[in-house]
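The values are calculated or read from the model by the stated rules, or taken from the named source; none is laboratory data. Here the structure is a predicted model, which is why all the values come from computation and not from measurement. Virtual Cβ from ideal backbone geometry, glycine too; neighbours counted across all protein chains shown. Accessible surface areas use protein heavy atoms only, side chains included; no ligands, DNA or RNA. Shrake-Rupley method; radii C 1.70, N 1.55, O 1.52, S 1.80 Å.
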Amino acid sequence: MHQNDEQAKLVGQQGKPESYYFPPQLNAIGNNFPYTFFGLEPGTTKDDIVRCLDRWNQGDNGILNYSKAYRLQPGTGWLVPPCVLHAPGSLVTYEPQWGSDVFGMYQSLVEGRPVPRQLLTKDFPENKHNDNTYLVDALDWAANVNPSFKDTHYLEPFEAAKGDGWVDRWIVYGKVNGKELFSAKELTVDEGATAIIKDPGASGLNTTQGCGAINGLPLQTPAMIRFGELTSDEYFVSHEAAVAGVKIKNTGTGPLVVLRYFGPDVHGANLPAVGAAHK
């Protein structure tokens, strides 16, 4: 889990909500485990998880026995608020998130490798490192045992805008504890087409497929990068440029696919709710 702001502040840091998107262009194969565990099975008690932490030095502490794995599907994603247990799978993941790296690792054995207990406790107050009840109380219990977890966290692409030969889709959306902290879109431009994209705020942009130009600058998804080479697959779009409109042209063969992510409060009331695309 990742601590929330209140918990992280106790150790001089910030909380960490995050999101996942699995670009189809980067996930032709699922690798060894294309599943992610989220939360806990309804009916799980806090004492169950305390006992798991009590067994930390006895091999597998068995915490996955109380969780559910969801099969990961390229072209979809998840929104993961703080204090929710999760165990990411093996797909290549585009992961817009808050700029913090606080976490607590509640699983003692991963793929046969022991996890140092320090990774469980490192971002909690030092006087609580041996208090397993405190560590379990740090979880958002209602969110973890939510029987409708998928309905409130699963993301499917949601059309934001379209034009002649292009379509722009939301891939990360929804608010965390009522706040818009980050969001992301996926732009697909057909071969030979040009899109002029306007956004109300700055973004970080990178490509996952194809080549073209962005405001006349080269845009190229690398297949191979030579040592020391500067690639042309990633740009920062300033607020001024985003508001004026960015011209993205596909000069290659096949679709040009561009991902861009945004910071807090960029889209305001226009941000769709989680589940908007699949309800």
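Contact map, segment 21-39: first residue under 26 Å from Trp141 (Cα atoms), second residue open to solvent by 80 Å² or more (accessible area, probe 1.4 Å), Cβ cut-off under 6 Å, separation 6 or more or different chains; pairs are Tyr35/Arg71; Thr36/Pro88. If you check Phe236 against the conditions, is it part of a strand (DSSP E or B), surrounded by fewer than 12 Cβ atoms within 10 Å (Cβ to Cβ) and out of contact with any Pro (no Cβ under 8 Å at 6 or more places or on another chain)? So Phe236 passes the test. Criterion first (in contact with a strand residue (DSSP E or B) (Cβ under 6 Å, 6 or more places away or on another chain), over 30 Å from Lys150 (Cβ atoms) and touching a residue at least 40 places away in the same chain (Cβ under 8 Å)) does Gly210 satisfy it? When the stated conditions are applied, Gly210 passes them.
Can you tell me which residue among Val80, Val115 is hydrophobic (A, V, I, L, M, F, W, C), surrounded by fewer than 16 Cβ atoms within 10 Å (Cβ to Cβ) and either in contact with a strand residue (DSSP E or B) (Cβ under 6 Å, 6 or more places away or on another chain) or over 30 Å from Ala276 (Cβ atoms) (or both)? Unique residue meeting the criteria: Val115. Find the residue count for segment 252-277, including only residues that are in contact with an Asp or Glu (Cβ under 9 Å, 6 or more places away or on another chain) and open to solvent by 60 Å² or more (accessible area, probe 1.4 Å). Looking only at that region, the number is 3. Considering segment 167-186, the residues that are part of a strand (DSSP E or B) and without any contact (Cβ under 8 Å) to a residue 60 or more places away in the chain include one that is nearest to Pro23 (Cα to Cα), namely Arg169. For Arg260, the criteria (1) farther than 15 Å from Ile171 by Cβ; (2) in contact with a Leu (Cβ under 9 Å, 6 or more places away or on another chain) hold in every case but one, which is (1). Pairs are defined by a Cβ separation below 8 Å, a sequence spacing of at least 6 or placement on different chains, a first member in segment 97-116 that is more than 21 Å from Leu79 (Cα to Cα), and a second member that is among the charged types (D, E, K, R) and at pLDDT 95 or above; the pairs so defined are Ser108/Arg55; Ser108/Asp60; Ser108/Arg117; Leu109/Asp60. The number of residues in segment 217-227 being more than 27 Å from the chain's Cα centre (by Cα), farther than 15 Å from Leu256 by Cα and either surrounded by 12 or more Cβ atoms within 10 Å (Cβ to Cβ) or not basic (Lys, Arg) (or both) comes to 1. Looking at Asp164, Asp140, Asp123, Asp131, which one is open to solvent by less than 40 Å² (accessible area, probe 1.4 Å), among the acidic types (Asp, Glu) and out of contact with any Lys or Arg (no Cβ under 8 Å at 6 or more places or on another chain)? Residue meeting the stated conditions: Asp123.
Residues in segment 83-93 that are open to solvent by 20 Å² or more (accessible area, probe 1.4 Å) and either on the phi > 0 side of the Ramachandran plot or in contact with a Leu (Cβ under 6 Å, 6 or more places away or on another chain) (or both): Gly89, Val92.
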